[in-house]
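Visitor: Dropping the structure in here first, questions after.
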Amino acid sequence: MPRVELAIIGGGLVGASLALALQAGARARGWRIVLIEPFAPGDAYQPSYDARSSALSFGSRQIYQRHGLWPALNERAEAITRIHVSDRGRFGAARLNAEDEGVPALGYVVENAWLGHCLWRALDPDVVSWRCPAEVTAMQALDDGYRLTLNDESVLDCDLAILADGGRSNLREQLGINVRQTPYEQSALIANVSLAEPHHGRAFERFTDDGPMAMLPLAENRCALVWTRPGNDAERLQALDERAFLDALQQAFGYRLGALTQVGARHVYPLALVEADEQIRPHLVLLGNAAHSLHPVAGQGFNLSLRDTQALADALLGSEAEPGDFATLRRYREGQRQDQELTVGFSDRVTRLFGRGESLLVAGRNLGLLGLDLLPPAKHWFARQAMGLGTRASG
């Protein structure tokens, strides 16, 4: 029966980032890592107007820099130099500036395809092997690990199984791990938008009575749009022709970025806060959306998952025990508990506070934004949250 020390189920951005974080230490220890992924990574990067993107915090840059990946990523990363947070049609606003925080950028926007391409190229095949395309159909707990059954009926044993296959896998349910879901009663419309005027690295978060929206700077003078709408309104906007959609978006967002000239493919996703009741068991860890899934407008979900992967790698490589040792996994979980609770709470409270139109709440949040702009300590705290440095340095 073939056996490896670590099996990462899901070779997407979170799973591949964990493999990279473990790679040097695993090589020194003689650990074997296998990534099991249903979709084959492409050998060559293919730029696309409609590519999905991720907003990487400054803390995430520090993590990738630590593992030597940042120079490659930075070739197609668009720096966020300023963030403008406002409430549509009202006086409250807050402005965050990288220069004020003493950093080169508050964050970066990177196409997921480029991020994946850079990660996959950085993995050493002598340490990290792929089972791809392949899926795990069953997981059986053993006294000393897990037995994985794949869709080609092959079987693989491992000391530690990492479930990083997203929030819709049935493996989490198969293992009897309960999840708490809090629907936001909103859907997110995701698209790339071209501008008539340069964005100069500015990111915008606007809050309306119907839900928040974000415009994040991309290469080639585009922006990544995240527009949350109540009920079925996102589907209505998705179905509009390009001109009608751009007119509706322009009306909602305004002209801070000038005229909006082109929009690509539009995708709609229902939104909910999802948290797994268990993130660790002996010889098992849940990572990424399998562990927690946040509202996208605050841009915190992937950055939190990346901090989780780095903390897990540090815990595993800092222990003399075998990778599946439960005491080691408990130390990882306790070490990340505060970061997760603060980040999930921050994202959830911001989403709920700015997604409601009651007059007292509107007045309160506008005064809050105005105060945030006028009080440097409060603005610095908010900026550190946005940069993924809220609880500790991430480098």
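Visitor: Only one of these conditions is not met by Tyr332: (1) under 28 Å from Ala224 (Cβ atoms); (2) hydroxyl-bearing (Ser, Thr, Tyr); (3) surrounded by 21 or more Cβ atoms within 10 Å (Cβ to Cβ). Which number is it?
Guide: Every listed condition holds for Tyr332 apart from (1).
Visitor: Just a yes or no: is a residue in the stretch 352-371 modelled with pLDDT of 60 or more and either of a type in the set (Phe, Trp, Tyr) or outside any helix (DSSP H, G or I) (or both)?
Guide: no
Visitor: Same structure, new question: Assess whether Tyr269 counts as being outside any helix (DSSP H, G or I) and under 23 Å from the mean Cα position of the chain (by Cα).
Guide: When the stated conditions are applied, Tyr269 passes them.
Visitor: Do we find that Asp247 is more than 16 Å from Tyr269 (Cβ to Cβ) and touching a Gly at 6+ places or on another chain (Cβ under 7 Å) in this structure?
Guide: No.
Visitor: Which of the following residues is in a loop (DSSP other than H, G, I, E, B), of a type outside the set (S, T, N, Q) and modelled with pLDDT of 90 or more: Glu278, Glu235?
Guide: The conditions single out Glu278.
Visitor: Only one of (1) buried (at least 23 other Cβ atoms within 10 Å of the Cβ); (2) modelled with pLDDT of 90 or more; (3) in contact with a Leu (Cβ under 6 Å, 6 or more places away or on another chain); (4) under 24 Å from Ala224 (Cα atoms) is not met by Asn303, so which one is it?
Guide: (3)
Visitor: In the stretch 204-232, what count of residues is obtained for those that are farther than 16 Å from Gln251 by Cβ, buried (at least 19 other Cβ atoms within 10 Å of the Cβ) and modelled with pLDDT of 90 or more?
Guide: 7
Visitor: Now a separate question. So which residues in the stretch 283-324 are within 17 Å of the chain's Cα centre (by Cα), within 20 Å of Ile177 (Cα to Cα) and not in a helix (DSSP H, G or I)?
Guide: Answer for the stretch 283-324, where residues must be within 17 Å of the chain's Cα centre (by Cα), within 20 Å of Ile177 (Cα to Cα) and not in a helix (DSSP H, G or I): Leu286, Leu287, Ala291, His292, Ser293, Leu294.
Visitor: Filter the stretch 240-254 for residues that are in contact (Cβ under 8 Å) with a residue 24 or more places away in the chain and either of a type in the set (Phe, Trp, Tyr) or not in a helix (DSSP H, G or I) (or both); which is farthest from Ala290 (Cα to Cα)?
Guide: My answer is Gly254.
Visitor: Is at least one residue of the stretch 94-115 touching an Asp or Glu at 6+ places or on another chain (Cβ under 9 Å) and of a type in the set (Phe, Trp, Tyr)?
Guide: yes
Visitor: Going through the stretch 186-208 one residue at a time, which ones are under 21 Å from the mean Cα position of the chain (by Cα) and either more than 30 Å from Ala219 (Cα to Cα) or assigned to a loop (DSSP other than H, G, I, E, B) (or both)?
Guide: Selection gives Gly201 alone.
Visitor: Return yes or no: is Leu257 part of a loop (DSSP other than H, G, I, E, B) and either of a type outside the set (Ser, Thr, Tyr) or touching a Pro at 6+ places or on another chain (Cβ under 8 Å) (or both)?
Guide: In short, yes.
The values are calculated or read from the model by the stated rules, or taken from the named source; none is laboratory data. These numbers come from a predicted model, not from an experiment. Here Cβ is always computed from backbone atoms with ideal geometry, including for glycine, and neighbour counts include all displayed protein chains.
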